[in-house]
Amino acid sequence: MVKLSHIKLILFLLFVFLLIRLGIAIFFGGNTVHGGDAGVYNNYANVILQNTNWITKPDFLSHWRAPFYPLIMAIIYALFGLNNFIAVYIIQAVLSTLTFFFIYILS
């Protein structure tokens, strides 16, 4: 059985990790696309929000990508503003910290 002090230590470390990730996201994130796939996913999320026929359009640039992540980005953009990369980075930091927590719980 896991001791209560051990769980407190894990939760404290996860909290510190979250603060570091949030600091990096806010300090280095900015509101620009940093290249790579980020620009493609950003465009995909913007197309989803424009209510265009993005699902069946064969010449859509990202039609071969899975739509789950761009749908999440579109929801974040709908809630916090279009092209709000800081909000995306913050939510990613929270989700990655929760992932570490769930991995700990399962192990």
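FRET efficiency for the pair Leu4 and Phe100, taken as 1/(1 + (r/R0)^6) with r the Cβ-Cβ distance and R0 = 25 Å, rounds to 0.80. Orientation-averaged projection of the chain equals 8.5 nm² [convex hull of Cα atoms, one quarter of hull surface area].
We did not get these values from a lab; they are worked out from the coordinates using the rules stated. The model shown is predicted, which means the values in this text are computed figures rather than measured ones. Cβ: placed from backbone, ideal geometry, glycine included. Neighbour counts: every protein chain shown.
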